[in-house]
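The values are calculated or read from the model by the stated rules, or taken from the named source; none is laboratory data. Not measured: the values here are computed from a predicted model. All Cβ positions, even for glycine, are placed from backbone atoms using ideal geometry, and neighbour counts span all protein chains on display.
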Ligand SMILES: [Fe+2]
Ligand SMILES: [Fe+2]
């Protein structure tokens with residue numbers, strides 16, 4: 001496997017030109033074989049915002065792109081559109097598959113649409129989605145790194161964030177880790193972190209990590225958390241490196257701030 005680049009919460013409409021240019025430079029250095037876009041692509045699901053996002057991802061994801069919608073990619077004020085065509089804007093630029101998959105010899109990526117037009121910000125994973133992903137994971141080969149992608153997080157580190165977890169997070173973590181997931185990726189809260197689910201959940205019996213991305217290019221950053229992206233690479237069949245790269249305004253570039261070595265359960 002070469003390099004995977006996770007980009008999240010771009011919130012086009014609030015994008016920052018200098019940060020976008022720096023991210024384009026990083027991507028041209030890393031040459032990721034796959035870009036994973038974990039939702040909140042736009043700020044308000046407007047046509048121009050989706051168009052700007054599409055042209056940016058055409059330049060940044062030269063080889064392959066997997067994208068899912070976030071709660072911001074569903075119209076908020078247009079109630080008719082929200083009820084009857086919630087994903088029309090997203091589908092127009094990223095295609096009709098809201099739960100895309102990517103596979104090659106070394107990688108299986110399964111993306112899940114966790115947005116719900118009826119739930120405003122909250123995300124949900126249904127029993128059917130949990131089972132479908134578990135069945136797909138069970139078909140993975142030993143060589144494949146297995147990644148599940150959601151928008152809202154399955155796991156948070158702060159008590160103040162527990163309300164942002166996906167409805168169904170407990171069942172999803174248990175089922176997907178049992179079925180062989182190595183990484184569950186998310187975004188939504190604009191807080192980047194990597195944490196071992198097998199240490200924080202007593203019913204997780206395989207090594208499985210949550211990898212959360214911050215906001216990549218939006219001005220909607222939180223205090224002490226600049227724009228960031230995650231870079232995943234594989235050192236050998238049992239070892240993966242998950243790195244966080246932050247944007248430094250001083251240097252006008254993304255730079256690596258940490259690297260977690262994940263020893264896969266194989
Ligand atoms: Fe967001
Ligand atoms: Fe979100």
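Which one of the conditions (1) out of contact with any strand residue (DSSP E or B) (no Cβ under 9 Å at 6 or more places or on another chain); (2) touching a residue at least 12 places away in the same chain (Cβ under 8 Å) does residue 78 fail to meet, given that it meets all the rest? (2) is the only condition that residue 78 fails. Assessment of the stretch 226-244 against the conditions (within 17 Å of the chain's Cα centre (by Cα), within 16 Å of ligand 2 (Cβ to nearest atom) and either assigned to a loop (DSSP other than H, G, I, E, B) or at pLDDT below 95 (or both)) yields at least one matching residue.
Looking only at the stretch 159-188, residues that are within 16 Å of ligand 1 (Cβ to nearest atom) and not in a helix (DSSP H, G or I) come to 6 in all.
Residue-by-condition table, conditions (1) surrounded by fewer than 23 Cβ atoms within 10 Å (Cβ to Cβ); (2) in contact (Cβ under 8 Å) with a residue 12 or more places away in the chain; (3) within 12 Å of ligand 1 (Cβ to nearest atom):
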{"residue": "198", "(1), (2), (3)": "yes, yes, no"}
{"residue": "206", "(1), (2), (3)": "yes, yes, no"}
{"residue": "216", "(1), (2), (3)": "no, yes, yes"}
{"residue": "221", "(1), (2), (3)": "yes, yes, yes"}
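The strands (runs of 3 or more DSSP E) found entirely in the stretch 34-131 that carry 1 or more residues being within 16 Å of ligand 2 (Cβ to nearest atom), under 18 Å from the mean Cα position of the chain (by Cα) and crowded, with 23+ Cβ neighbours inside 10 Å are 34-38, 65-68, 107-111.
Of the residues 70, 13, only one is within 12 Å of ligand 1 (Cβ to nearest atom), without any contact (Cβ under 8 Å) to a residue 60 or more places away in the chain and within 27 Å of residue 164 (Cα to Cα); which?
After applying the criteria, what remains is 13.
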